[in-house]
1. Determine by what factor the alpha-carbon radius of gyration of the stretch 68-113 differs from 2.2 N^0.38 Å, reporting the quotient.
2. Taking R0 as 35 Å, what's the FRET efficiency between Glu12 and Arg481 from their Cβ-Cβ distance, rounded to 0.05?
3. Once you put a point 7 Å from the Cα of Val526 and another 7 Å from the Cα of Lys74, both along the Cβ direction, what distance in nm separates them?
4. How much length, in nm to one decimal, is gained on full extension between Asp495 and Lys609, taken as 0.36 nm per residue of separation minus their Cα-Cα distance?
5. Normalised by the residues of the chain, what does the relative contact order come to in percent, with Cα pairs under 8 Å and at least six apart?
6. Grab the beta carbon distance between Asn356 and His535, set R0 = 35 Å, and tell me the FRET efficiency rounded to 0.05.
7. With a 10 Å radius around each residue's Cβ, average the other Cβ atoms per peptide and rank 601-614, 361-374, highest first.
8. How big is the dipole moment of the stretch 291-347 about its Cα centre under a simple scheme where the beta carbon of each Lys and Arg is +1, that of each Asp and Glu is -1, and everything else is neutral? Debye, nearest 20, please.
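Since every read-out is calculated from the coordinates, none of them should be taken as a lab result. Computed from a predicted model, the values in this text were never measured in an experiment. Glycine gets a Cβ as well: all are built from the backbone with ideal geometry, and neighbour counts include every protein chain shown.
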Amino acid sequence: MPDLLIELFSEEIPARMQARAADDLKKKVTDGLVEAGLTYAGAAAFSTPRRLTLTLDGLLAESPTVREERKGPKVGAPDKAIEGFLRGAGVTRDQLEERETPKGAVYFATIEKPGRPAAEIIAEVLDTTIRNFPWSKSMRWGAGSLRWVRPLHSIICLLSSDEGAEVVPFEIEGINASNTTFGHRFMAPAKVTVSGFDDYAAQLKRAFVVLDPQERADAIWQDATNQAFASGLDVVEDKGLLAEVAGLVEWPVVLMGEIAEDFLGLPAEVLQTSMKEHQKFFSVRNSKTGRIERFITVANRETADNGATILAGNQKVLSARLADAKFFWENDLRVAKSETGMTAWTEKLSNVTFHNKLGTQAARIDRIAALSREIASVVGADADLAEQAAKVAKADLSSEMVYEFPELQGLMGRYYAEAACLPQEVANACEQHYSPLGPSDVVPTEAVSVAVALADKIDTLTGFWAIDEKPTGSKDPFALRRAALGVIRLVLENDDHVALKEIFAKGYEGADVEDLMSFFHDRLKVFLRDQGVRHDVIDACIEMDGNDDLTLLVKRARALQEFLGTDDGVNLVQGFKRANNILTQAEEKDGVEYSYGADRKFATDDAEKALFDALEGDGGAISTAIETEDFAAAMGGLAALRQPIDTFFEAVQVNADNEIVRRNRLNLLSDIRKACGQVADLSQIEG
């Protein structure tokens, strides 16, 4: 079985596109080959800035012969129908076979598709792949019509086996497939002839090209951390930057440079962001002080002076960039320390539109401040501090630093609030009120930060609900699902009891509170399902009063799920459903509601009396446990009811001949429903 090597060699492919492009090449080629009948043992794809590579091993030398039987028209059918069938099947009339079927004699045709050589199929699949490659952006060049991310220069398409290697005859837009490629653009630009994948990878490495992007990333990280460690420093980890830099070089050469003393006083985050965004540099930190003191850059070549010239150029450009950052920082500090302080920035936000239907950022800040004050008492925060924090939390949006680096919003607010000598709780809230930004983001725990973070997200949600801009399907342009998840995590992870409906009503005027609460319940279901809580358990708890207190709701759901994992839980639900079904049918038949309480004096059976005792004792215990939010004890009370309910149904006929006894027993079933219903709506439980 031969092996296949494909390389598409071009001008530099943007780093952000390389991994996806390698995966797309692998999928499109392998899908096309398998569809044509060519299977293979294994496949792997690679990328560098100038090439996409695919290797397949254990490929069939040719596709198998396929025989297909096709049913045609009835014998005696009109000639036109028969001729149409013949054309479609690609057979002649004398090749048809008559067979008897339950519906009479019918023509059948046996169609044989002979196998085809692998090279022929590969050429067709590769042509289709290249012409229809799903680049997010592509270009045409020269006089041709082919579109590619950057000009395509050469193609390797090589089948190799123990007998040798052969180039697959293939041509597209004047580019003929061959067995040659090129090494590093500067260090080994000569043509390289290869005989298979192993030879290809080895020759590229000798030509200063590391084919595997993960190998390049590992080499960069190892060399960078070693150089930093030798100086008593460590590299700030950034997996996204590492992947990007690995996509910028074919032969990574790691160099560590120094940051001028003038800039070491800048906040570490400012240095890190500026170097990453503008220069693709890694930050090197002094672990004792937390200061960013050096940088790591990755060159794409070795030089005679060991990178000295490259470092000098990089340091010159970096100094210019950091000079801008220092200018922004010093200007912003002057504003923050002035008499007007951060309010000068907040006033500017009256000219910044948040949304054309929801007003300016300044108006939004006023709403968040008022809402923060309302929420403060609920989460244990000082109302004055919460309001003060909300009024300055977004002030840094007007600062020069955040204008240059929007990703630093919030963080710079903390620095400026500290410079303005505002309370530390206020400064921390400036940074933390955006959090959590996603499922893995840290949740604020300081009460003032929690209050402002909740107010910020709830104002957003109630505002967009009021103007009917809700998420639809997969579309959520204003990240409202993320905002709802943020509220859920803030409440749950801080164990706060927040009556959300009441808070929603104090948010943006005109929001449909019930509809918004339903949206929250849907997000909560997703959140809890990811943690293994059953959907029917969540539904059973959502049906209870106080379902806008998410902390209470989740405690109830977790306890109920644990209870349902026991024999007592399973059997009690069955007993409850039996009682509920009998009671519902009786109420429909009799046209009355049996909910007035059973009377013990009409009990005639020991099992009936025992159930009275259990409902009086354990039913009351359930109620007490619910009031104190001791759901484990409440489930224990339910467990104690399991045996008396089981025994009752085994020993007692509910629909007795005596009408008084019957009505009393139906009221007793109502007491069962009430007792169980204190915990959750068990009718929602499946099974």
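1. On the way: Rg = 9.9 Å, N = 46, 2.2 N^0.38 = 9.4 Å.
Output field value: 1.05.
2. Details: r = 37 Å, r/R0 = 1.06.
According to the calculation, E is roughly 0.40.
3. About 5.6 nm separates the two model spin labels.
4. Numbers: separation 114, 0.36 × 114 = 41.04 nm, distance 4.16 nm.
Gain on extension, Asp495 to Lys609, equals 36.9 nm.
5. Values: 1110 pairs, mean separation 48.9, N = 687.
Averaging sequence separation for qualifying contacts and normalising by length gives 7 percent for the chain.
6. On the way: r = 38 Å, r/R0 = 1.10.
According to the calculation, E is roughly 0.35.
7. Working: 601-614: 16.1, 361-374: 21.0.
My ranking of the peptides, most packed first, is 361-374, 601-614.
8. Values: 8 positive and 8 negative charges, 34 e Å.
That gives the stretch 291-347 a dipole magnitude of about 160 debye.
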